[in-house]
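Values quoted throughout were computed directly from the atomic coordinates according to the rules given, and no laboratory measurement underlies them. Because the structure is a prediction, the values reported are computed rather than measured. Don't worry about glycine lacking a Cβ; one is built from the backbone with ideal geometry, like all the others, and counts go over all protein chains shown.
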Amino acid sequence: MLLEVWPQIERAEEQASALAHHAPISVMTQQRLYVFPEYFELHPLSEGEGESLLGGSDASTGERFMVVDTRAHQYCYLVNLVIKSYLELFRTPRAEAEALEELARQAGCPPEAIAETVRTFFRRMRRAGLLRSAGADFRGESTWALTPGQVLGEYRVGELIVEKPDVALHHARQVGTGIPVVLKVFILRGPRAGRERELFGREFSLMAGLAPHENVCRLLAFHPGEPCYAALEYAGSTPIRQVMAEDFLSLPERVRIGAEALAALAHLHRHGFLHGDVHSRNFMLTDEHRVKLIDFGLSRRSGDAEEAACVPHGGLPAFMPPERIEPGSLSISIRPGDMRSEVFQLGVLLHGILTGHEPFSERVLWRRLAQAIRSQPAPRAVWTPEGERIPAALADVIGRALAKAPEERFPCAVEMLEGWRAAQRRGARPVRAGEGVCP
């Protein structure tokens, strides 16, 4: 899979191809040591993978590689030859300043000319976990892991779901009842842990203050001590994204799933919260096929300037609202989104649920995707993957949510949900492809 910071990497690639054009700034003096961990492997992109990931002619724009995490056997990054060479510099630990000197030598320019680009790139690589600290500078930085069978409070730990640089998610069961839960455990140790742990704790403080809702994952318990962890309602193992393109879901079922996803975010907006990371991987389907909204790590109070400044801003590329893409550079804006931004993301989600594909997802390269989001009208939702005609009233709701100008969208998910339900009531008999449709 591609990491969610794909647009930044595309931007970094563009910057790397024009290093000599940067204005001089002071050379970084950072002497910490970093390493590209041995559990990451670089694999040339096969012809079949190139077609499926890059889409047609884009696959021939240059040699590409996948960075594979051998611990989870998952793709982590799609990178070009320049970034591959850059990462390979760190197979043995080295300092940022040393890497800067080497990159400047390769580019044939003074270090000052590329220092800011390299510093930004370091920050993104560290955040993604592709460069990890090493050596004496970060003594004690490590991760802390749970062992299956271990008992944590009233929960017995099960298998690992996923491990990130700062947190790990485990299946678990409540001792005595056997009720399945998910444990989200803070595992980072070292100098960076304090700030990251603060953000980890505020996620569950926010969840604890939110009224329960049937389509929002519930916080069951939070343990602030050592280890620091939260027990969360088990929301199933199937993201909505996984079933969108399947051809076994009827139109009424797709409409119901869309309504439940809307209801989940409307619940947050009604109480003055932004989710912060609305996309098809953060809406799960339970074993009973009910929707659950998960992952509140980037959530914040709407209109709270202090939280907007300190909480990172998320978003998958294909779900990025146009107002968060800078028109000149096509980079992600540092300005945070608001409720209307999340309405746009809901429009992308609902288009995908009903049609089986996201409105701009075929444009995999970030610069093309960003240009399309900013300037091209979203395609109308017309047919489901099963060949059923989507009622015009529902397509209208999605179209309004995907308006380029924020003021033309629903002001919040609450009003969008009302529009969706009204459209459901006006919906007609499903029409299949090839049948006549009355205007």
For S331, residues with placed amide H under 5 Å, excluding near neighbours: E326
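With a 10 Å Cβ neighbour count serving as the proxy for reagent exposure, in which order, fewest first, do H275, H213, H269 appear?
Fewest to most other Cβ atoms nearby, the residues stand as H213, H269, H275.
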Histogram of C-alpha separations across the stretch 142-233, 5 Å bin width, %: 3, 14, 25, 24, 20, 11, 3, 1
For V181, distant residues with modelled amide H under 5 Å away: A172, R173, Q174
Distance in nm between pseudo-label sites at D247 and W383 (7 Å out along the Cβ direction from Cα): 1.1
In nm, spacing of pseudo-spin labels at E408 and E196 (7 Å Cα→C-beta vector): 4.2
Span from the the stretch 225-276 Cα centroid across to the the stretch 158-210 one, whole angstrom: 19
Karplus (6.51, -1.76, 1.60) ³J(HN,Hα), θ = phi - 60°, over the stretch 388-394, in Hz, Gly and Pro reported as x: 8, 6, 7, x, 4, 5, 6
Net charge contributed by nearby residues that have their C-beta within less than 10 Å of A392 (K/R +1, D/E -1): +2
The stretch 108-121 - phi-based ³J(HN,Hα) in whole Hz, Karplus 6.51/-1.76/1.60, Gly and Pro as x: x, 9, x, x, 4, 6, 10, 4, 5, 4, 5, 4, 4, 5
Net charge contributed by nearby residues that have their C-beta within less than 13 Å of T238 (K/R +1, D/E -1): +1
Residues whose placed amide H lies under 5 Å from that of W383, excluding near-sequence neighbours: I390
For the stretch 33-41, 3J(HN,Hα) per residue [Karplus equation, 6.51 cos²θ - 1.76 cosθ + 1.60, θ = phi - 60°, Hz, x = Gly/Pro]: 9, 10, 9, 8, x, 5, 7, 9, 10
Partner lysines for K84 [C-alpha distance under 16 Å; skip if fewer than 8 residues away on the same chain]: none
Per-peptide average of other Cβ atoms within 10 Å, ordering 86-97, 412-423 highest first: 412-423, 86-97
Qualifying lysines (Cα of each under 24 Å from Cα of K292; at least 8 residues distant if same chain): K164, K184
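Counting pairs of alpha carbon atoms under 8 Å apart in space and at least six apart in sequence, what relative contact order in percent does the stretch 142-233 give?
Relative contact order for the stretch 142-233 comes out at 23 percent.
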